[in-house]
Amino acid sequence: MSARQQKLREDIKTFLNTECLIRKIPPIGLDVLVGHGPAKENIKQLLLAPFNNTQESWEKTQKSILLYGAPGIGKTMMLHAISAQATAACYWVSAEKLARSINLKQTITQLFEVAADNYPSIILIDDIDSFLMKSKPGDEKTEIKLELLKQLDTIGEAKKAMVKVCATTNSPWDLDPSAMR
């Protein structure tokens, strides 16, 4: 790796640890949120329970969860509550935050590497549809979408065994079908 590549890698890692790592925990938990009973129970069982158990329980749970619904129903608030209740490093990602990154594709790759290095961890992706919408050939976002799909596919394997992903969208039917696996 050249000195320039190493510098870019360090700059991206610094960006992720300063812009995306949640350090100030929101003062809200899932139990405080009104409604969404089944969704909250699923989050507790499928996403949060493994943090309190053994490696064995990680392998038996979901690698990722997609929260969807109309704007304003509390999907983002649920992400805040998850970060408050998780006994793990939480990385908050949105299109707005990633737009400030130096190299978007490489930032996505490193996001998953940093999360794996700081395990156990949860990557919280707000409005994932801005990354994973159905696209046409030649679309400039295709390369970014492919990188994100590649990283999502590797969750649960070897080094990334103790990383979970929780994402939100307003329109799951507009997501690329490969993202729904």
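The values are calculated or read from the model by the stated rules, or taken from the named source; none is laboratory data. All values derive from a computational prediction rather than experimental measurement. Glycine also receives a Cβ, built like all others from the backbone with ideal geometry; neighbour counts cover every protein chain displayed.
Side notes on the structure shown:
- Once segment 108-122 is narrowed to residues that are within 13 Å of the chain's Cα centre (by Cα) and hydroxyl-bearing (Ser, Thr, Tyr), the residue that is surrounded by the most Cβ atoms within 10 Å (Cβ to Cβ) is Ser121.
- Take the conditions (1) more than 12 Å from the chain's Cα centre (by Cα); (2) surrounded by 22 or more Cβ atoms within 10 Å (Cβ to Cβ); Met133 misses just one of them, which is (2).
- Meets criteria (under 28 Å from Gln6 (Cβ atoms) and either free of Cβ contacts under 8 Å to residues at least 40 places away in the same chain or surrounded by fewer than 20 Cβ atoms within 10 Å (Cβ to Cβ) (or both)) for Ile125: no
- Members of segment 1-20 that are within 14 Å of Thr109 (Cβ to Cβ) and in contact (Cβ under 8 Å) with a residue 12 or more places away in the chain: Leu8, Arg9, Asp11, Ile12, Lys13, Phe15, Leu16, Cys20
- In this structure, Leu67 does satisfy being under 16 Å from Ile122 (Cα atoms), modelled with pLDDT of 80 or more and in contact with a Ser or Thr (Cβ under 6 Å, 6 or more places away or on another chain).
- When Ala167 is tested against (1) under 30 Å from Val34 (Cβ atoms); (2) in a helix (DSSP H, G or I); (3) small (Gly, Ala, Ser), exactly one condition is not met: (2).
- Taken together, Ala99, Ala89, Ala84 contain a single residue that is touching a residue at least 40 places away in the same chain (Cβ under 8 Å), of a type in the set (A, V, I, L, M, F, W, C) and out of contact with any strand residue (DSSP E or B) (no Cβ under 7 Å at 6 or more places or on another chain), which is Ala84.
- Taken together, the residues in segment 70-96 that are at pLDDT 80 or above, under 13 Å from the mean Cα position of the chain (by Cα) and surrounded by fewer than 19 Cβ atoms within 10 Å (Cβ to Cβ) amount to 3.
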